[in-house]
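Let me give you the structure first, and then I'll get to my questions.
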Amino acid sequence: MAHIGSKGWYVKKLKNEFSVSRIEGKKIETLKTHILHNHYYYLAEKNTKTD
């Protein structure tokens, strides 16, 4: 289990909850944590607005 808020946690959440494997053509495993954090919360906010 990855620590909440770690890079591994964001990678796991993006893959499982949003089926994201790439952002702007780059694998999410190669991106920095702050980019994953921003993208995760962008998708989470977008998802809650449509519900």
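So, in segment 31-51, how many residues would count as being surrounded by 13 or more Cβ atoms within 10 Å (Cβ to Cβ) and in a loop (DSSP other than H, G, I, E, B)?
1
Moving on to the next point. Among the residues of segment 2-12, is there at least one that is loosely packed, with under 15 Cβ neighbours inside 10 Å, touching a Phe, Trp or Tyr at 6+ places or on another chain (Cβ under 7 Å) and among the small types (Gly, Ala, Ser)?
yes
Enumerate the pairs (first residue in segment 6-30 and part of a helix (DSSP H, G or I); second residue anywhere and of a type in the set (D, E, K, R)) with beta-carbon separation below 7 Å, excluding pairs fewer than 6 apart on the same chain, so at least 6 apart or on different chains.
That search, which allows pairs on different chains as well, returns 11/29; 28/22.
Only the coordinates and a few stated rules stand behind these numbers; no lab work does. Keep in mind it's a predicted model, so treat the numbers as computed, not measured. Ideal geometry is used to build each Cβ from the backbone, glycine not excepted, and the neighbour counts take in all protein chains shown.
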